Structures are given as C-alpha cells and as structure tokens.
Amino acid sequence: MLTSNILLAAILVRLVESNFLLESRIVNGENVPITNFAHSAFLMVSEPKGIFVCGASVVNQNILLTAAHCIDTCGKRCPDASVYAGNANKRSGFKMDVLGTVIHENYSFNKMINDIGLILLKNQLSLNKYVKRVALMKNPPVGKTALIAGWGLVDEIHLVHTDHLHYIKQHIWPYEQCRKMITNLPKGTLCAGDVENDKYASV
C-alpha cells in the first residue's frame, strides 16, 4: 500500500539559478499534476549569490514547512522571498509574500540535524483542490512505499533540471538498517530509497 502522507514534508530542493548549482534532485521521476501533491509549494529566495529555490509544504493558510537550510541565510523576516502554490509549474502558481521565518533552535547545518523551518505568509492562502494542507505523520511507516515530489535536477549525467513537479516512489527503511551503510546518520532521519534502483531523491 502506498502512503501519500508526507514524511519529509517535501523534497526540499535548493539550487542557484544563476549558475545552476543544483544540490538536490528527483532523478528519473515522472511529471505529476499539482492535484496529486496539492500541499506542494515552491519557495524562491533572492540573495547576493543568486536565486535560491526550495520546496515547501502547506501546513495551513498562513504557515508552510520547509528545510532550515533553505531559509537560514535570509534572516528572520526573509524580505526577498516569495512562495508559489497551486500549480505544478514552479512559477505559475499563486504568488505569496513572506512575513517571516522560524528555524528549529537546535538546527545545525554542518551536522544536518533538525533541518526544519517554518515560513509565515503575509496573506492567507486560499485552500482548494490545487492548494491543500499536508498530512503530517508522527512516525514513518517502515516497510511501506512513500511518494516523494519536488522540483530540481532530473538527470545528473546531463545536469537537466525541470520547472515541472516530478515524483518518485521510494521504499522506507528502518533507521538501524540505514546506519549500517551510513554510520553517522543522525537520529530522527528518515531513510528511503532502493539500492539497485535508478530512481531516487536527495536533499
């Protein structure tokens, strides 16, 4: 049984558009309509180094969930950030301005722990079939298959990126089993993927 509940909130893609420095990706995924992942939103932050983009998930009409590393350099008010929701094309959705951000108090970029943050919107999102709240899970269903969606690099070899939402299916592994391969894996990390599969996501 597939679970469409969000485990990582979204694939949180960050890239520098000015020189296509892609850090995260949905590789060999498939195009998907926004109605299949209506909680998905696209975050764009303008900084001196370039334009950084990430994924986010709608928690409610005023708050979005994203990765702390997506917003840790733009300040608490994050004045040069915008959010797009309601469309599978990353810049064709409803544009919303950001009021402020909150980052987990124990977040560490170097250790990549507690990599979670909130985006506060200036105006409320209108919920409809294209914009819905994310279903947050307390515990990942180990052994099940998760659906992961996001924007970003879709071909690592040729460095091809996409403006359209993509998704893949990934098997969820027990934390203890993942630690056998990744010894420094922080507690609380969700581990998903298939060792012999050419479809994967990275954050």
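On full extension of the chain, what length is gained from ASN139 through GLN177, given 0.36 nm per residue of separation minus the C-alpha to C-alpha distance?
My answer for the length gained is 12.0 nm.
With the convex hull built on the Cα atoms of the range 29-77, state its orientation-averaged projected area in nm². Intermediate values should be presented prior to the final figure.
Values: hull surface 18.5 nm².
Result: a mean projected hull area of 4.6 nm².
Between ARG91 and ASN106, 0.36 nm times their residue separation minus their Cα-Cα distance comes to what?
Result for the pair: 2.2 nm of gain on full extension.
Where a ≥ b ≥ c are the square roots of the eigenvalues of the C-alpha gyration tensor, would you call the range 53-146 rounded, which needs a/c under 1.5, or, failing that, prolate if a/b is larger than b/c, or oblate?
Taking the square roots of the gyration eigenvalues as a ≥ b ≥ c, the range 53-146 is oblate.
Can you give me the orientation-averaged projected area of the convex hull built on the Cα atoms of the range 97-147, in nm²?
Mean projected area for the range 97-147: 5.9 nm², to one decimal.
What nm distance separates the two modelled labels at HIS161 and LEU99, each placed 7 Å from Cα along Cα→Cβ?
About 3.0 nm separates the two model spin labels.
Check cross-link reach from LYS144 to the lysines: straight Cα distance under 25 Å, and skip same-chain residues fewer than eight apart.
Within the straight-line limit of under 25 Å, LYS144 reaches these lysines: LYS132, LYS169, LYS180, LYS187, LYS199.
A short reminder: the numbers here are calculations on the coordinates, not readings from a lab. Here the structure is a predicted model, which is why all the values come from computation and not from measurement. No Cβ is skipped: glycine too gets one built from the backbone with ideal geometry, and neighbour counts run over all protein chains shown.
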